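S.K.: Supplied in structure tokens, the structure appears directly below.
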Amino acid sequence: MKILENREAWAEHFKANWLAHYEETGETNFKLYEYVRNDEPPSGEALDLSQSKLLFVTSSGAYLKNSQDPFDAPNPLGDYSVRTFSSATPFSEIAFAHEHYSHEYIDQNPQSLMPLRLLETMQADGVIGELADNVVSFHGYAPDVTRVLDETIPEILGIAKEQQVDAALLVPA
């Protein structure tokens, strides 16, 4: 299973077009950006979620405002780092460093983007077997897909292995 088909061709196009334009002008022109298109969706075997340990993953740029550095949201080249924190963290301790979506609704109800309390209810009701101890958060604005593949995803997979999860739920921002 490949996450990105035709990786070399995508990387060449990215460097020759979007990245070259950015380096020349300082502008992020997404008319020059080639979005990933795979012929085959990356997937795995189906799981019985009621018997599975689930890792919650968010691309919202969530971080602990009193103890973690925020993501580098203004960086036009993206931030490829990862933050983790307890899935039981009160929403009052979480902040969101992201400039590519409106914070209006998440400020009103953080569960609109991070349904952690709902997942706890689903665990109590037996819909999911167990919610992993930690949330994994990354910054969803990441224009260089090869860096996502080489930096972000391996870190997330390492965390998933450490937490011994069976599946992950990605809620994109």
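S.K.: Carbon and sulfur together cover what percent of the accessible area of the chain at a 1.4 Å probe radius? Could you put the intermediate results ahead of the total?
M.R.: On the way: 4860 of 10010 Å².
Carbon and sulfur atoms account for 49 percent of the accessible area of the chain.
S.K.: Just order 54-66, 71-83, 6-18 by mean Cβ neighbour count inside 10 Å, highest at the front, would you?
M.R.: On the way: 54-66: 20.6, 71-83: 16.9, 6-18: 14.2.
So the peptides 54-66, 71-83, 6-18, ranked by packing, come out 54-66, 71-83, 6-18.
S.K.: Here's another thing I want to ask about it. Under a 1.4 angstrom probe, counting protein chains only, how are THR146, THR28 ranked by accessible area, largest first? Each step should come with its number before you reach the end.
M.R.: Working: THR146 20, THR28 60 Å².
Accessible-area ranking of THR146, THR28, largest first: THR28, THR146.
S.K.: Solvent-accessible area of MET122, probe 1.4 Å, all protein chains present, reported in Å² to the nearest ten, please.
M.R.: 60 Å²
S.K.: For a quick protection proxy, order the peptides 130-140, 37-47, 103-113 by their average other-Cβ count within 10 Å, most packed first.
M.R.: 130-140, 103-113, 37-47
S.K.: Right, another one. For the stretch 2-131, what D do you get in µm² per second when you plug the Kirkwood radius from alpha-carbon pairs into Stokes-Einstein at 4 °C and 1.567 mPa s?
M.R.: Details: Rh = 17.9 Å.
The diffusion coefficient I find is 72 µm²/s.
S.K.: Sticking with this structure for a sec: Would you mind classifying the stretch 55-132 by shape? Square roots of the alpha carbon gyration tensor eigenvalues, ordered a ≥ b ≥ c; an a/c under 1.5 is rounded, otherwise it is prolate if a/b is larger than b/c and oblate if not.
M.R.: Working: a/c = 2.10, a/b = 1.80, b/c = 1.16.
Because a/c hits 1.5 or more and a/b exceeds b/c, the stretch 55-132 counts as prolate.
S.K.: A further question on this structure: For the stretch 77-173, report the accessible area per residue in Å² (1.4 Å probe, heavy atoms, rounded to an integer). Numbers along the way, then the final one.
M.R.: Working: 4870 Å² over 97 residues.
Per-residue accessible area for the stretch 77-173 comes out at 50 Å².
S.K.: How big, on average over all directions, is the shadow cast by the Cα convex hull of the stretch 90-173, in nm²? Intermediate values should be presented prior to the final figure.
M.R.: Details: hull surface 25.2 nm².
Mean shadow area of the hull around the Cα atoms is 6.3 nm².
S.K.: Measure nothing fancy, just the Cα-based angle from helix 153-162's long axis to the longest principal axis of the chain, in degrees from 0 to 90, nearest 10.
M.R.: Helix 153-162 sits at roughly 20 degrees to that axis.
S.K.: Still on this structure, please answer the following. If one computes the Cα centroid of the stretch 133-165 and of the stretch 10-78, what distance in Å separates the two points?
M.R.: Result: 10 Å between the Cα centres.
S.K.: Might you tell me the accessible area per residue for the stretch 7-49, computed with a 1.4 Å probe and given in Å²? Display every interim value, and only then the final one.
M.R.: Numbers: 3440 Å² over 43 residues.
Dividing the accessible area of the stretch 7-49 by its residue count gives 80 Å².
S.K.: If you don't mind, another one. Could you check the simple spin-label distance between ASP39 and LYS2, using points 7 Å along Cα→Cβ, in nm with one decimal?
M.R.: In this crude spin-label approximation the distance works out to 0.9 nm.
The values are calculated or read from the model by the stated rules, or taken from the named source; none is laboratory data. Treat the numbers as computed from the prediction; the structure is a model and nothing was measured. All Cβ positions, even for glycine, are placed from backbone atoms using ideal geometry, and neighbour counts span all protein chains on display. Note: areas computed on protein heavy atoms with side chains; ligands, DNA, RNA excluded. Shrake-Rupley method; radii C 1.70, N 1.55, O 1.52, S 1.80 Å.
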